Amino acid sequence: MKYRQIKMATITTALFSWGMLCLAQGINTTGPWGPQPEMHPASEQKSTRELPFRSWQFQNDNLNIEELITAAPDFGVNNIQLSHDQVMFAHKLLSHPDKIKRFNTYIELAHSKSMTVHVWTHEFAGIPPEVTREKNWFDKPAVWDLLDKRYTKLFEVMPDLDGVVLTFHETEIKVFDVKSKLPLAERVAKLINHLHAVCKKSEKTLVVRTFAYEPKEVEGIAKAFAMIDPDIVLMSKCVPHDWEIFYPHNLSIGRYSDRKHIIEFDPGAEFYGKGHVPYLYPEYLHFRLQYARARNTYGYVARVERQGDNPPAVPGIGKNSGLNEINLYAMKRFSEDPSVTPDQVWKEYMGKRVGSGPHVEPLIEAMKLTDDVLNRCYFMLGCWYNNHSKLPGKGYADSHIQYMRKWNAAYDPVCARLKNPDARTVVEVFRESAESVTLAQRALGKLNEARKAGLPDKHFKVYEEQLTKLLATAKTWEQHRNAYILEKSGISKPSGKRPFPVGGPPRIAHDAQHSE
């Protein structure tokens, strides 16, 4: 029986039953975000009140970048990063003179607004076969001479570029895999120091990302930082791998608290709806940034969009843009002052959007539920389930659910049960799916309360469209998730017993009488 072919009647009946049970017991919303082991203790030196480095990252080559650059200063941004569809490889950028000309225009505009500009690059890439066919080519002068010429040329054709962001993964040749007499950390350090020397000669900044797929790779990068120039800026995602909301904090944060370290966030919502449905999470951003602040972070980088036809969080930039604008506003406020709270952000932002009055509080309550809804759609009992905000195939879901085990041992029991789900696990997934729908319905109810309290009709219609789409998303995902877990378990439907407490992250409070 294929999980995409489960009959809708069975799904609907089961979901209704468990949805009623959820309503009867009540649902606790918004955080925390799973068990969070502390990787490194808070440092003696804390971040300054206002973070010095505040960056937006642009990925889409089809957006109006000039408009995005013009909007950035209003959010306190002082740096721009061009990446992904804009640029991934320095050697490829050098073969596109039209793009170089366009980038120089962006740089000129950004500088006029007191912002610096960095471009991404991935190494190793574009290394000719005559170099790589040599035994232990990493240790030979030819590859380093090639990189010298490549980046010297880049800085010649883009003389006002302020710096380069180096990434080791998702490239043609990974430094983790090359044959060399040097161990991993020393290989990473050699690549960093060599590229830094080229940058320094041209008075450019080098930023080094810690992103990798495996803990041993992240560890190799982290160890390399003890062997590199202290002027080099470090850059890490707030989580150790990709944008799984329940991952632990990135283990690189705080490891070298005496160095400039910037933290990457994803208001562009690659795994949270890609800007097509609202995913508003000031509480989460505050949670992650406060952790980094206690370990002397130098600043942040915010992805404002995710390529393709996905609308950016910045309003006024194309169709349907700006749904997640509050996340960018939250980053602005949290980076200005560590005492600012998520509740302050909500009140300030919504006050600017819809004015003051008794309608503001129920509107905030409605929109605060958006991340709770989608967290229950996209992450199964806290584990990775969604395919970059798309419904996953069975093979994708089977493999990615288990990724949590790499980064947080607390999830071992949950991952094991999702691999071979028993009746308890099926009930837990059904319950979580039903909660997503219940919360989306509750959000629409709160929106109606806001309307009765005086929310102007023009604003009501905007938020009603967003929350209606959110409810449709929840209903689609509940069918998919539940069909998946039923097919995987071989159970025709959940038992009629009371639901077990939800496993995984402790997001939902339950009375003792519901424990089994």
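Bear in mind that the values in this text are calculations on the coordinates, not laboratory data. Please read all numbers here as calculations on a predicted model, not as lab measurements. Every residue, glycine as well, gets a Cβ built from its backbone with ideal geometry; the counts of neighbours run over all protein chains shown.
Roughly how many whole Å is it from the C-alpha centroid of the range 289-321 to that of the range 153-203?
25 Å
Grab the eigenvalues of the alpha-carbon gyration tensor for the chain, scale each by 5, take roots, and send me the semi-axes largest first in whole angstrom.
Working: eigenvalues 335, 158, 85 Å².
Value: 41, 28, 21 Å, ordered largest first.
What's the exposure ranking of T48, T116, going from fewest to most Cβ atoms within 10 Å?
Working: T48 13, T116 18.
Lowest count first: T48, T116.
What is the ratio of the Cα radius of gyration of the range 59-137 to 2.2 N^0.38 Å, with N the residue count, to two decimals? Don't skip to the answer; put the middle values down first.
Values: Rg = 15.8 Å, N = 79, 2.2 N^0.38 = 11.6 Å.
Output field value: 1.36.
What value in Å³ per residue do you get for the convex hull of the alpha-carbon atoms in the range 330-424? Walk me through the numbers before you get to the answer.
Working: hull volume 15.8 nm³, N = 95.
Taking only Cα atoms, the range 330-424 has a hull volume of 166 Å³ per residue.
Output wanted: per-residue J couplings in Hz (rounded whole) for the range 303-316, from phi through Karplus 6.51 cos²θ - 1.76 cosθ + 1.60, θ = phi - 60°, x for Gly and Pro.
6, 9, 7, 9, 6, x, 9, 8, x, x, 6, 7, x, x
Determine, for M380, M367, the number of other Cβ atoms within 10 Å of each Cβ, and report the residues in order from fewest to most. Kindly include the intermediate steps, with their values, before the conclusion.
On the way: M380 26, M367 23.
Ordered from fewest to most neighbouring Cβ atoms within 10 Å, M380, M367 come out as M367, M380.
Quickly estimate the mean residue ellipticity at 222 nm for the chain, helices only: each DSSP H run with n ≥ 4 gives -39500 (n - 2.57), and the total goes over all residues, rounded to 500. Kindly include the intermediate steps, with their values, before the conclusion.
Numbers: 17 runs with 233 residues, N = 516.
Helix contribution divided over all residues of the chain: -14500 deg cm²/dmol.
Using Cα-Cα distances under 8 Å and only pairs 6 or more residues apart, what relative contact order does the range 53-354 have, in percent?
Details: 540 pairs, mean separation 49.8, N = 302.
Answer for the range 53-354 is 16 percent.
Ranked by Cβ crowding within 10 angstrom, fewest neighbours first, how are E348, E244, E130, E264 ordered?
Details: E348 15, E244 24, E130 9, E264 21.
Least crowded to most crowded, the residues run E130, E348, E264, E244.
Take the eigenvalues of the Cα gyration tensor for the range 53-354, scale each by 5, and report the square roots as semi-axes in whole Å, largest first.
On the way: eigenvalues 212, 99, 55 Å².
Equivalent ellipsoid semi-axes, largest first: 33, 22, 17 Å.
Evaluate Rg over Rh across the range 234-387, taking Cα atoms for both radii and Kirkwood's formula for Rh. Provide the component values of the computation, followed by the final result.
Numbers: Rg = 15.5 Å, Rh = 16.1 Å.
Answer for the range 234-387: 0.96.
Counting C-alpha atoms alone, how compact is the range 169-214: give Rg to one decimal and Dmax as a whole number, in angstrom.
11.8, 34
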